[in-house]
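Visitor: Let me give you the structure first, and then I'll get to my questions.
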Number of protein chains: 2
Amino acid sequence: MSVQELMQQIGAAARAASRQVASSSAATRNTALLAVRDRIADSRESLLLANAEDVERGRAQALDAALLDRLALNDARVDGLITSLEQVAALPDPVGAIDAVRTMDSGIRVGKMRVPLGVIGIIYESRPNVTIEAASLCLKAGNAAVLRGGSEAISSNTLLGGLIADGLKAAGLPETAVQVVGTTDRAAVGAMITQPEYIDIVIPRGGKGLIERIAGEARVPVLKHLDGICHVYIDDGADPEKALAITLNAKTQRYGTCNTLETLLVSTGAAAQLPAIAQALSDVGVELRGCARARAAAAVIAKDATDEDWSTEYLAPVLSIKVVDGVDGAMDHIAQYSSGHTESIVTENYATAMRFLREVDSSSVMINASTRFADGFEYGLGAEIGISTDKLHARGPVGLEGLTSSKYIVFGDGHVRR
Amino acid sequence: MSVQELMQQIGAAARAASRQVASSSAATRNTALLAVRDRIADSRESLLLANAEDVERGRAQALDAALLDRLALNDARVDGLITSLEQVAALPDPVGAIDAVRTMDSGIRVGKMRVPLGVIGIIYESRPNVTIEAASLCLKAGNAAVLRGGSEAISSNTLLGGLIADGLKAAGLPETAVQVVGTTDRAAVGAMITQPEYIDIVIPRGGKGLIERIAGEARVPVLKHLDGICHVYIDDGADPEKALAITLNAKTQRYGTCNTLETLLVSTGAAAQLPAIAQALSDVGVELRGCARARAAAAVIAKDATDEDWSTEYLAPVLSIKVVDGVDGAMDHIAQYSSGHTESIVTENYATAMRFLREVDSSSVMINASTRFADGFEYGLGAEIGISTDKLHARGPVGLEGLTSSKYIVFGDGHVRR
């Protein structure tokens, strides 16, 4: 069978299964999630063995250390899979919720019901955890899923796919409700993203290269998560303690996450705060690159920032710093360079805070808080399938609701239109 | 200037204007809408003259009568434009609404704010009314718009574009916030749908051919409205009066609309109702095509329905009729043939009604009501830019909310993540 034929078969089976999953009860879907958990607990050893094969192969292919780390499972990570399945099973059922029912002048009652999206395709790189996280969230929201992990993790993912299928079957759901693509042929990705008849939305999770390639070639909708070039703006008269704490936390709590601060903007009226902030960052090993005014304000900023710095997601202990002319200067810079992920203002001025909140066009806009809060768990979504930097359908951290759609429902009693 | 360069220029101007529109007050945008209204009222004669040119040219090109009718403006239709601008100005402002603010364990307060989408492209056919309807809805929701009407209406649309620009200017908004594309070159459409850097979403309004072509070639998201193959299902024990009234209304109130009934499904247990319903439809001139069981139940159904009939949106006084085995048979037929627009069940059975409501996967699902109610005005949206048969972003009738996005907002007081 060619890869095209295989992906046709997987897609058609997913589409067929999606109707059954959509009309299943929440109890059935939760039973399936817990059945998968049991099977993972029972198969811990074979899972670690399969994963060891992946890691071994990766080492032989000289994969870099960060990638190997993401690929590797250990007891703690398997415990994490088990816990995450329990957490997702415990979340409220998003499907079937009805809201906003109103009676119209015609006499009909109109409302909206939350319904599953259908079939969700997930394309991801090395972390085998994603197989379980994605499967559980898609299933919880009443969807079928087609999962295409990286070739590095094929042994782990194939084994996990079998455990998921067993769990689905045990709960009386079709085994094809969640399918792990078993081929490492890259053509499988090309097929997945060009089958709108089978796949309703594709969510790529991985590096910028992967996401841009998929978005460029897809014929199905893509929930994109591109760069996180996040800004903190310190306003005139900002509280120095808050400004220091937020800047340090946003930059240094974790360097490699998309909600990490990459460019600090400081108003001319707050430039006197810059030496202390720059010193604190430098003390913990952050390399500082500044505009001329920033460097003049704080000698510890040792390097010039270039235009490229303003457009760079470092994901590393590096920070670019710019002195701007008040909130207008900050918002102009953000409009030009931000990736639209998360921006925060540190201010004590009510009017400025409200303007920033209203006018900055990013998926998360914050007042006096660290950009690191931009996260599905911190926002109370219970779980997160990704963070959308798109403006359509779902924006910002995407939880179960982003994996659903809605339909209008009308209650009549023989009503006809006049 | 080439068409590509022209569309680049229009797109860049729209993107720049969108930031100003987004941060404008609702009062300013309403002032602009009413200023456009005043200009239309003052320019009624020149508008009718420009439109007469379009109609004259259309006649010379032998456009068909239906198209010429859609193209033509008259005093009543100009009054309609004026009224619609007043109605849109009177709608509540969708922008800036904040909801669901909750305090998290970390102490931050998280909510969502409704924001404009950015730049909306509208591609439409002959009706010049759409120029005003689309411009007013996009602007009301805080967006910039690029409008590309059919070449038949170029004189009317160019004049309306000038009136809109004057109205925007009078309200202090950029004239480029709403731009009517002045060229009839079809390459302009190709450029619009491949400029994700300038256009956030394209809404095609027109025939199936137009929409399919755009959806197939677009590199920006498209809000699609494809066929309306709508079903009414008459359940066992349905009230005969309601069944007759709903079927007649759904089929005959207007033949050419997308929410018109195209296939009637009747349960075997309700087949005794079919002769009276078929006779009533035949009496008002509806051609009936039935499956073998339907024809056996009602002799007035004079023609066999073929497989093609189940997939056809007639938009005409023709109805296909099928006898099915209860609600499962009806839902199977709908799953196979429906376009996902609107389906209605006529039933007195609570459990069956709830199953139909939950399991039928269409943008509107109704109980004991005519499919003709699937409409933005009937649903209380105040206005309608189109009806989406997509499941992402917006589904069913799309009003102002569908022309907006949201962002997460976070209120802190120096909060950092632990």
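The values are calculated or read from the model by the stated rules, or taken from the named source; none is laboratory data. Since the model is a prediction, treat every value here as computed from it, not as a measurement. Glycine also receives a Cβ, built like all others from the backbone with ideal geometry; neighbour counts cover every protein chain displayed.
Visitor: Kindly indicate whether residue B:367 is closer than 25 Å to residue A:109 by Cβ, at the interface with chain A (Cβ under 10 Å from one of its Cβ atoms), among the β-branched types (Val, Ile, Thr) and touching an Asp or Glu at 6+ places or on another chain (Cβ under 9 Å).
Guide: Yes, satisfied.
Visitor: Going through region B:301-327 one residue at a time, which ones are among the charged types (D, E, K, R) and over 30 Å from the mean Cα position of the chain (by Cα)?
Guide: Residues satisfying the conditions are B:303, B:304, B:325.
Visitor: Give region A:1-28 a look and list any residue that's in a helix (DSSP H, G or I), under 19 Å from residue A:407 (Cβ atoms) and touching a residue at least 40 places away in the same chain (Cβ under 8 Å), or say none.
Guide: A:15, A:18, A:20, A:21, A:22, A:26
Visitor: Return yes or no: is residue B:120 touching a strand residue (DSSP E or B) at 6+ places or on another chain (Cβ under 9 Å), part of a strand (DSSP E or B) and under 17 Å from residue B:385 (Cβ atoms)?
Guide: Details: touching a strand residue (DSSP E or B) at 6+ places or on another chain (Cβ under 9 Å): yes; part of a strand (DSSP E or B): yes; under 17 Å from residue B:385 (Cβ atoms): yes.
Yes.
Visitor: Can you pull out the residues in region B:92-117 that are under 22 Å from residue B:176 (Cα atoms) and either of a type in the set (Asp, Glu) or assigned to a strand (DSSP E or B) (or both)?
Guide: Matches in region B:92-117: B:93, B:115, B:116.
Visitor: Further question: Condition first: in contact with a His (Cβ under 8 Å, 6 or more places away or on another chain) and closer than 17 Å to residue A:407 by Cα. Can you find one or more residues in region B:313-330 that meet it?
Guide: The answer is no, given that none of the residues of region B:313-330 is in contact with a His (Cβ under 8 Å, 6 or more places away or on another chain) and closer than 17 Å to residue A:407 by Cα.
Visitor: Any chance region A:189-203 includes a residue that's surrounded by 18 or more Cβ atoms within 10 Å (Cβ to Cβ), among the acidic types (Asp, Glu), closer than 20 Å to residue A:398 by Cα and touching a residue at least 40 places away in the same chain (Cβ under 8 Å)?
Guide: Looking for residues that are surrounded by 18 or more Cβ atoms within 10 Å (Cβ to Cβ), among the acidic types (Asp, Glu), closer than 20 Å to residue A:398 by Cα and touching a residue at least 40 places away in the same chain (Cβ under 8 Å), one finds at least one in region A:189-203, hence yes.
Visitor: Identify the single condition in (1) within 11 Å of chain B (Cβ to nearest Cβ); (2) part of a helix (DSSP H, G or I) that residue A:89 does not satisfy, given that it satisfies every other one.
Guide: Residue A:89 satisfies all of (1) within 11 Å of chain B (Cβ to nearest Cβ); (2) part of a helix (DSSP H, G or I) except (1).
Visitor: Next up: Tally the residues that are part of a helix (DSSP H, G or I), of a type outside the set (A, V, I, L, M, F, W, C) and more than 9 Å from chain A (Cβ to nearest Cβ), restricting the search to region B:372-407. Even if it seems obvious, please write down each step before you answer.
Guide: Going through region B:372-407, the residues part of a helix (DSSP H, G or I) turn out to be B:372-373, B:400-403.
So of that shortlist, the ones also of a type outside the set (A, V, I, L, M, F, W, C) come out as B:372, B:401-402.
Filter once more, so that each one left must be more than 9 Å from chain A (Cβ to nearest Cβ): B:401-402.
So the answer is 2.
Visitor: Of the conditions (1) among the aromatic types (Phe, Trp, Tyr); (2) within 27 Å of residue B:198 (Cα to Cα); (3) without any contact (Cβ under 8 Å) to a residue 12 or more places away in the chain, residue A:310 fails just one. Which one is it?
Guide: (3)
Visitor: While we're looking at this one, here's another question. Identify the single condition in (1) over 26 Å from the mean Cα position of the chain (by Cα); (2) surrounded by fewer than 22 Cβ atoms within 10 Å (Cβ to Cβ); (3) not aromatic (Phe, Trp, Tyr) that residue B:108 does not satisfy, given that it satisfies every other one.
Guide: Among (1) over 26 Å from the mean Cα position of the chain (by Cα); (2) surrounded by fewer than 22 Cβ atoms within 10 Å (Cβ to Cβ); (3) not aromatic (Phe, Trp, Tyr), the lone unmet condition for residue B:108 is (2).
Visitor: Among the residues of region A:210-254 satisfying the criterion of being assigned to a helix (DSSP H, G or I) and of a type in the set (Lys, Arg), which is farthest from the other protein chains (Cβ to nearest Cβ)? Before you say what the answer is, go through the steps one by one.
Guide: Quick first cut of region A:210-254, residues assigned to a helix (DSSP H, G or I) only: A:210-217, A:240-252.
Going one step further and asking which of them are of a type in the set (Lys, Arg), we end up with A:213, A:242, A:251.
On the way: A:213: 14, A:242: 4, A:251: 11 Å.
Checking each candidate, the answer is A:213.
Visitor: What's the total number of residues in region B:94-128 that are within 14 Å of chain A (Cβ to nearest Cβ), at pLDDT below 95 and more than 21 Å from residue A:365 (Cα to Cα)?
Guide: Qualifying residue count, region B:94-128: 0.
Visitor: Name the residue, out of A:34, A:63, A:81, that is away from chain B (no Cβ under 14 Å), under 14 Å from residue A:157 (Cβ atoms) and either more than 24 Å from the chain's Cα centre (by Cα) or part of a helix (DSSP H, G or I) (or both). Write out each step before concluding.
Guide: On the way: A:34 fails: under 14 Å from residue A:157 (Cβ atoms); A:63 fails: under 14 Å from residue A:157 (Cβ atoms).
A:81 is the lone residue from the list that is away from chain B (no Cβ under 14 Å), under 14 Å from residue A:157 (Cβ atoms) and either more than 24 Å from the chain's Cα centre (by Cα) or part of a helix (DSSP H, G or I) (or both).
Visitor: With the structure loaded, tell me whether residue A:214 is within 19 Å of residue A:266 (Cα to Cα) and β-branched (Val, Ile, Thr) or whether it fails that test.
Guide: Considered against the rule, which asks whether it is within 19 Å of residue A:266 (Cα to Cα) and β-branched (Val, Ile, Thr), residue A:214 comes out as no.
Visitor: Would you confirm, using the coordinates I've provided, whether residue B:115 is among the hydrophobic types (A, V, I, L, M, F, W, C), more than 21 Å from residue B:85 (Cβ to Cβ) and surrounded by 24 or more Cβ atoms within 10 Å (Cβ to Cβ)?
Guide: On the way: among the hydrophobic types (A, V, I, L, M, F, W, C): yes; more than 21 Å from residue B:85 (Cβ to Cβ): yes; surrounded by 24 or more Cβ atoms within 10 Å (Cβ to Cβ): yes.
Here the answer is yes, as residue B:115 does meet what is asked.
Visitor: Report, by residue number, each residue of region A:130-149 that is part of a loop (DSSP other than H, G, I, E, B) and in contact (Cβ under 8 Å) with a residue 40 or more places away in the chain.
Guide: A:141, A:142, A:143
Visitor: Would you check which residues across region A:299-323 are among the β-branched types (Val, Ile, Thr) and closer than 19 Å to residue A:341 by Cβ and list them? Give the derivation first.
Guide: Of the residues in region A:299-323, the ones among the β-branched types (Val, Ile, Thr) are A:300-301, A:306, A:312, A:318, A:321, A:323.
Selection gives A:312, A:318, A:321.
Visitor: What's the number of the condition residue B:345 fails, among (1) more than 12 Å from chain A (Cβ to nearest Cβ); (2) under 26 Å from residue B:292 (Cα atoms); (3) crowded, with 22+ Cβ neighbours inside 10 Å?
Guide: It is condition (1) that residue B:345 fails.
Visitor: How many of the residues in region A:349-376 are in contact with a strand residue (DSSP E or B) (Cβ under 8 Å, 6 or more places away or on another chain), within 21 Å of residue B:26 (Cα to Cα) and acidic (Asp, Glu)?
Guide: Total satisfying the criteria: 1.
Visitor: Let me ask another. Please go through region A:337-355 and pick out each residue that is in contact with a helix residue (DSSP H, G or I) (Cβ under 8 Å, 6 or more places away or on another chain) and modelled with pLDDT under 95.
Guide: Listed by number, the list is empty, since nothing qualifies.
Visitor: Starting from residues that are buried (at least 18 other Cβ atoms within 10 Å of the Cβ) and in contact with a Lys or Arg (Cβ under 9 Å, 6 or more places away or on another chain), keep the ones in region A:71-81 and report whichever is farthest from residue A:35 (Cα to Cα).
Guide: A:71
Visitor: Across region A:177-209, what is the number of residues that are outside any loop (DSSP other than H, G, I, E, B) and touching a Ser or Thr at 6+ places or on another chain (Cβ under 7 Å)?
Guide: 1
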